[in-house]
Amino acid sequence: MEAIRHTSLEYYADNWVIDTVLMNKISTMKSKNINYHLEVKFPSNIDLTDNAIDLCAIIGNILDNAIEEMIQIKSVNPIKTKILYRDNKIVIQVANDTKTLALKNKEDSILSLKFVGRAGIGIKSVRMRTKKLGGYCDFFIANHEFNALIVIPYSPKE
């Protein structure tokens with residue numbers, strides 16, 4: 001008898017690039033009992049294929065950092081994620097609780113649980129990939145909340 005395979009695909013943006021990374025990270029959040037709030041407003045007709053690797057890495061690294069922090073501090077508050085397309089820009093915002101009071105320098109104070117001694121590797125990658133795509137990113141802490149803001153210009157192909 002052939003085994004029956006069940007797949008659970010959830011669509012958040014109706015865009016395969018964004019949905020691919022969100023399916024993975026939200027599955028991780030659910031398995032770790034991490035609350036999340038997700039707002040995605042992205043047109044389904046925009047083709048992100050040419051930048052898929054960089055966009056998946058950017059979103060993935062930011063969410064990995066948030067997940068790691070939430071596990072470390074045992075927060076019950078949600079990771080708040082927004083991915084929007086507005087005025088020919090991809091806007092990614094992620095906010096999560098943190099016990100860190102301030103960033104000493106924008107990369108050094110984010111420690112990795114996966115790789116002991118490696119601080120800020122994901123943030124450095126996000127900065128590099130965002131710059132490669134001609135975008136802007138900022139990371140800051142306010143009211144015990146780590147915030148990531150990434151803005152990438154993106155004009156759809158004609």
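Annotation note: of V17, V91, the sole residue that is surrounded by 11 or more Cβ atoms within 10 Å (Cβ to Cβ) and modelled with pLDDT under 95 is V17. Checked against (1) assigned to a helix (DSSP H, G or I); (2) more than 21 Å from K157 (Cβ to Cβ); (3) more than 15 Å from the chain's Cα centre (by Cα); (4) not small (G, A, S), N65 passes all but a single condition, namely (3).
Look at region 137-158: where a residue is under 16 Å from I83 (Cβ atoms) and a partner is in a strand (DSSP E or B) and of a type in the set (K, R), sitting 6+ places away or on another chain with Cβ atoms under 7 Å, you get V151/K89; I152/K89; P153/K89; Y154/K89.
Could you tell me whether any residue of region 120-127 is modelled with pLDDT under 75, more than 14 Å from D54 (Cβ to Cβ) and outside any strand (DSSP E or B)? Walk me through it before giving the result.
Taking region 120-127 and keeping what is modelled with pLDDT under 75, we get 120-121.
Among the residues that remain, those that are also more than 14 Å from D54 (Cβ to Cβ) are: 120-121.
Pick out the ones that are also outside any strand (DSSP E or B) and you get 120-121.
For region 120-127, residues modelled with pLDDT under 75, more than 14 Å from D54 (Cβ to Cβ) and outside any strand (DSSP E or B): present.
Of the residues K25, K82, the single one that is surrounded by 11 or more Cβ atoms within 10 Å (Cβ to Cβ), touching a Leu at 6+ places or on another chain (Cβ under 7 Å) and at pLDDT 95 or above is K25. Reported count of residues in region 49-63, each being among the acidic types (D, E) and either in contact with an Asp or Glu (Cβ under 8 Å, 6 or more places away or on another chain) or crowded, with 19+ Cβ neighbours inside 10 Å (or both), is 1. For region 33-55, the condition holds for no residue, the condition being that it is under 21 Å from A142 (Cβ atoms), modelled with pLDDT under 95, among the hydroxyl-bearing types (S, T, Y) and assigned to a loop (DSSP other than H, G, I, E, B).
The values are calculated or read from the model by the stated rules, or taken from the named source; none is laboratory data. This structure is a prediction, so every number in the text was calculated from the model and none was measured. In this analysis, Cβ positions are derived from the backbone assuming ideal geometry, glycine residues included, and neighbour counts consider all displayed protein chains.
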